[in-house]
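Read the structure below first, then the notes.
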Amino acid sequence: MVVLHSTEGNAGAGVPLEPFLHQVGGHLSMLQYDAHTVCKPLISQEQKFYESLPLAMRCFTPQYKGTITVRLRRDSRGHLGLVANPLKENLEPLQVPPDSRAAAIWQTLKQTASSDSNPRPLAQLACSLKESTAKVLLSPDCHLSGQASALVESADGSQVDRRGFNPWGLHCHQAHLTRLCAEYPEDKRHRFLLLENVVSQYRQPCILDLKMGTRQHGDDASEEKKARHMKKCAQSTSACLGMRICGMQVYQTDKKSFLCKDKYYGRKLSEEGFRQTLSQFLHDGIRFRTELLEPILQRLRALLTVIRSQSSYRFYSSSLLIIYDGQEPPQLTPGPSQGSTSGDPARVDVRMIDFAHTTYKGSWNEHITHEGPDPGYIFGLENLIRILQDIQEGE
């Protein structure tokens, strides 16, 4: 893998980074660099994992595109944002697609923040949104159509996006900006990883984020952090199933909006609640997407084979994404009497993400070397396959 580094020469140039509006879980902010690329704060252990990634795992992880320099920058109105130095291979100004949902929503929020009637800076706007609508935007179970549309009305009253969006990415972005402002000077340069946007090909990406394994703390965790993570696992489905729901968005075709659930919801689920939520993830508000089950199961079985072959790897605190398109192509739309679709196979994907605490022989920590494949991850995958098979047989 050739690492693409940013150019440091032109301090005035830069790509404004937008919150990645399809982030459903995690605490680090994911940002959108362009239509096919996202970026996240660089953690050396995760970077090393991507640079030494086993060949068999590459189709189950986002493509690693290198690193880039990111800095804080205030615009002409004093609003604080993050800007990336352009890649040497791409010094032309970033061309944002005119129908980019992230660009439209983010730009409208910034316009709202800078209007004459509401001159608050963006950080204050995001903060007030979080405070005034916390029970709605950050509740564990919410439909985001009316509430989200109210946030994205432009100055002339027209709506940028009537379908809503998941608030988790904005929540993480606001927390990240606040932390950077509090801990670093504005001219501090930060390193970010550039990764493939694994949902770029989907019109209405439905995403399930599963925290995998029976153990979440890394080998380097302090005793306090270790105890905290062990408690979370013991009190959630991580202990009995080897996984728990960390976030979810599923497009509801009847409401033209996303149904969203967050990590706090996932922590409270029983084994039966987990199964019901998994079924809900495959329901579009009108029908159960039966045709998705077999393609998802095929990917999971292939991943299980790969994980079983990775000796010494421990994927502590990593997540598994299950992805499909909530907007069906016309040829797959069932008729009034059809129960399932026919034609081309449903397009689904399964990807592993978040490797900041992954360890393996030859990684940074030579003091602890694990033998054999990751038993907790395998336990979780086997249970996930079993539950989906049970759902398939019940349909």
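The values are calculated or read from the model by the stated rules, or taken from the named source; none is laboratory data. Treat the numbers as computed from the prediction; the structure is a model and nothing was measured. FYI the Cβ positions are ideal-geometry reconstructions off the backbone, even for glycines, and counts take in every protein chain you see. Surface areas here come from the heavy atoms of the whole protein model, side chains and all, with no ligands, DNA or RNA. Shrake-Rupley method; radii C 1.70, N 1.55, O 1.52, S 1.80 Å.
Take Arg244 and decide whether it is modelled with pLDDT of 95 or more and under 13 Å from Lys211 (Cα atoms).
Yes.
If you check every pair at least six apart or on different chains, which have Cβ atoms under 6 Å apart with a residue in the stretch 234-263 that is without any contact (Cβ under 8 Å) to a residue 12 or more places away in the chain first and a residue that is aliphatic (A, V, I, L, M) second?
Cβ pairs passing all conditions: none.
Within the stretch 58-111, restricting attention to residues that are modelled with pLDDT under 90 and basic (Lys, Arg), which residue is nearest to Lys188 (Cα to Cα)?
Across the stretch 58-111, the extreme among qualifying residues is Arg73.
Out of all the residues in the stretch 297-321, which are over 16 Å from Met248 (Cα atoms), of a type in the set (A, V, I, L, M) and surrounded by 15 or more Cβ atoms within 10 Å (Cβ to Cβ)?
So the first thing to find is which residues in the stretch 297-321 are over 16 Å from Met248 (Cα atoms), and the list is 297-317.
Next cut, of a type in the set (A, V, I, L, M) only: 297, 300, 302-304, 306-307.
Of everything in the stretch 297-321, those that are over 16 Å from Met248 (Cα atoms), of a type in the set (A, V, I, L, M) and surrounded by 15 or more Cβ atoms within 10 Å (Cβ to Cβ) turn out to be Leu297, Leu300, Leu303, Leu304, Val306, Ile307.
Going by what's in this entry, would Arg289 be described as in contact with a strand residue (DSSP E or B) (Cβ under 8 Å, 6 or more places away or on another chain) and of a type in the set (Lys, Arg)?
Yes, satisfied.
I'm trying to understand the selection: among the residues of the stretch 250-273, which are open to solvent by less than 20 Å² (accessible area, probe 1.4 Å) and touching a Cys at 6+ places or on another chain (Cβ under 9 Å)?
Val250, Tyr251, Phe258, Leu259, Cys260, Lys261, Asp262, Gly266
Search the stretch 274-293 for residues being assigned to a helix (DSSP H, G or I) and in contact with a helix residue (DSSP H, G or I) (Cβ under 7 Å, 6 or more places away or on another chain), and hand back the single one that is most open to solvent (accessible area, probe 1.4 Å).
Arg275
Of all residues in the stretch 180-195, count the ones that are open to solvent by 50 Å² or more (accessible area, probe 1.4 Å) and assigned to a strand (DSSP E or B).
Count: 2.
I'd like to verify a number: residues in the stretch 29-40 that are in contact with a helix residue (DSSP H, G or I) (Cβ under 7 Å, 6 or more places away or on another chain), in a loop (DSSP other than H, G, I, E, B) and open to solvent by 10 Å² or more (accessible area, probe 1.4 Å), how many?
Number of matching residues: 1.
Filtering the stretch 257-273 down to residues that are part of a helix (DSSP H, G or I) and of a type in the set (D, E, K, R), which residue is farthest from Ser317 (Cα to Cα)? So that I can check it myself, show each step before the final result.
Initially, the stretch 257-273 is screened for residues part of a helix (DSSP H, G or I), giving 263-267, 271-273.
With of a type in the set (D, E, K, R) added as a condition, the list becomes 263, 267, 271-272.
On the way: Lys263: 13, Arg267: 14, Glu271: 20, Glu272: 23 Å.
By that ranking, first place goes to Glu272.
What pairs come up if the first residue lies in the stretch 279-291 and is closer than 12 Å to Leu388 by Cβ, the second is open to solvent by 50 Å² or more (accessible area, probe 1.4 Å) and polar (S, T, N, Q), and their beta carbons are under 7 Å apart, counting only those six or more places apart or on different chains?
So the pair list comes out as Thr290/Ser340.
Give the residues of the stretch 228-245 that are closer than 8 Å to Arg267 by Cα and assigned to a helix (DSSP H, G or I), sorted by residue number.
Within the stretch 228-245, Lys232, Thr237 meet the criteria.
If I filter the stretch 260-283 down to residues being among the charged types (D, E, K, R) and within 20 Å of the chain's Cα centre (by Cα), which single residue comes out as farthest from Ala239 (Cα to Cα)?
Residue satisfying both the conditions and the ranking: Lys261.
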